[in-house]
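Read through the structure below, which is laid out as structure tokens, and then see the notes.
Nothing in this text is a laboratory measurement; each read-out follows from the coordinates by a stated rule. Everything numeric in this text was worked out from a predicted model, so none of it was measured. Note: ideal-geometry Cβ built from the backbone for every residue, glycine included; neighbour counts use all protein chains shown.
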Amino acid sequence: MNRRLLFDRVVLILSLLIFLVSIAIPSYSQTYYVSNAGNDGYTTIQAQNTGTPWKTIQHACNNATPGTTIEIMAGTYFEQITIPVSGSKAGGYITLTNYKGGQVVINGNASTATLLTILSQSYIKVDGLEFYNCIGNNSIGIFIDGISDNIVFTNNIVHHIYWNTSVSAVPGFTDNAQPLIVYGDSATAVQNITLQNNDFYDNATGFSESCTLDGNVNGFNIVNNQVHNNQNIGIDIAGNYGTSPSLATDHARNGLVKGNKVWKCHSVYDSSAAGIYVDGGQNVTVENNECYNNDWGIEVGCEQPKDTTANIKVRDNNLYRNGGGMQVGGYDGPVNTGRVINSEISNNTFFANDTLMRGSGELALSYSENCSFYNNIFYSTSNVIISAGWNNGNSLGFKFDYNRYYSITGDSVNATFSYGTFSYTGFSNYKTSSGFDTHSHFSDPSLTDTALTALNLHLLSSSTCVDAGMPGFPVDTSEKDYDGNTRIIGGRIDIGADEYQGPSGVQLISELQNINVYPNPAASAIMLNVSGYSEDIRDITIKVIDIYGRNVMMQTTYNKQEKLNISNLPVGVYCIFVNDACCKMFVKQ
């Protein structure tokens, strides 16, 4: 055998061995530890021991490689951190997290600061940290920019990021603070952003927002966050502000805003802050959110002249007790603002909005084109149901149908509906004159409890909204009702954010309006009268529970009056459950 052939075979064998080793041995992932009592002089090997941690988070980030986990021990860290390296799909995420669930606070020391910067990095996770105490114009909690992708920000707290030392100071256009901003200012998009289970509260943002995605941002999930008690807008999906170098990509797009709870977002300068705001975004779904006590619940607008906000789905949300329920459209278009186009607002429940009493009703419309409104409940505490915004006569192609309208006064004759330059008084007059809402009705939707102290926006079994939505309404496989349940049960979709699931819990307590147990106390027998029970529930399961939580009696009945033999029960206090809802206490003598 000649030497050349032998050499080639050796190279081939070595190559195969290297390949086999590479697939047999997983990539090495190390954990570094950080503590205020640590020392940045330790080696990387030492820093992998909890007894010899590094002192600063920044030093740990500087030494991270794909797959690194940085566990930070409880304490307050006065740092401004920049993550200078990326993880990778093959090697794994670089993860910053708290050690054993301890409270880790990144403190801005009451100065103008950016607490965490992720600039053109990928595969980064930040989990379980607290970002706090930046005060000064242009202060930032978390800043994500450049060509970044696969950034995951979960279970964190961001609070007290202030543009000014006085939270009540009235800001101007250049006064801003941003608890979290994803800023797509490169030709390549920031991609695959996940913001989940975070808490943004007590931030004074001036003219900015608590959680913002702006510019060339493509693909995001903002899920199950709490955003509350903040100055100005809560969650903002923005575009058309010249952030991206290309007009074609200058909008956050292809994203999901789901399951967030947003309350008490208020603007000190004009009371116009929305809990959730899509302003220039495209192809965004806003669903299963709860928005209350904000200046506006949800707003889909377009502030920049001649621009558009497009293909927005707002569905399965509960909006209640906001200054205004929902605003759709460029508020002063087409001259001074843009327009909202090709968007759908469906299967939402609006209740008792317009708390600022500015006549905005449950839904305010302005400059829009080809937007549809289906299967919504609009329950007003005044006679204003739908109001028209500024210069709304330019709007085109609105579609309304299969909605349920109601005023707490029950007065359909004096209910007002404004569209374009027209205003209609009376529901019948509105339907006839506008040509809208052919299959919609003005009647009580029968919500579980409309008392503000015990508000429950689920449908009662007796509600005429059950199986009353648009026949054949297209529901994709991802859509759920407000509670995350199957969106269609029965032949048709229900009207509103709730798909009636059947009686349980507090729903039953409301339905059992006339529960009586007599005589009480009793020695041998009691009568249980459930005359307020809904007619469509065929069987009633009765349980008697003693003070130790033991089930001492159970029976099923089809009657609304039932006699219970308690003669064999020991003397004592008992609780009766009807279909697992605790209804009445009685005393056995």
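Quick rundown of the values:
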read-out	value
Neighbour-count ranking [beta-carbon atoms within 10 angstrom, fewest first] of ILE233, ILE70	ILE70, ILE233
Charge dipole (debye, nearest 20) of the chain; +1 at Cβ of Lys and Arg, -1 at Cβ of Asp and Glu	1380
Under 15 Å, Cβ to Cβ, from THR76 - net charge with Lys/Arg +1 and Asp/Glu -1	-1
Neighbour-count order for VAL544, VAL105, fewest beta carbons within 10 angstrom listed first	VAL105, VAL544
Flagged links, alpha-carbon separation over 23 Å, of LYS480/LYS584; LYS399/LYS431; LYS480/LYS543	LYS480/LYS584; LYS480/LYS543
Residues of type aspartates and glutamates that LYS100 reaches as a straight line, Cα spacing below 16 Å, ignoring anything fewer than 8 places off in the same chain	GLU71, ASP127, GLU130
The chain, relative contact order in percent, only Cα pairs under 8 angstrom and at least six apart counted	5
Exposed trypsin sites (Lys or Arg not before Pro) absent: longest stretch of the chain, with sites in DSSP loops and at most 15 other Cβ within 10 Å deemed exposed	90-305
Antiparallel DSSP beta bridges within the chain, as percent of all bridges there, nearest 5	20
Rg/Rg_globular for segment 225-344, with Rg_globular taken as 2.2 N^0.38 Å and Rg from C-alpha atoms	0.99
Ellipsoid semi-axes in whole angstrom, largest first, where each is sqrt(5λ) of the Cα gyration tensor of the chain	49, 36, 25
Spatial separation of Cα centroids for segment 174-192 and segment 459-495, in angstrom	37
Residue order, fewest to most beta carbons within 10 Å, for VAL587, VAL328	VAL587, VAL328
Around PHE400: net Lys/Arg minus Asp/Glu count, Cβ-Cβ under 12 Å	0
Amide H contacts of ASN36 (H built 1.01 Å from N, under 5 Å, at least 5 apart or other chain)	none
Whether segment 429-507 is rounded, prolate or oblate, judged on the alpha carbon gyration tensor where a/c under 1.5 counts as rounded	oblate
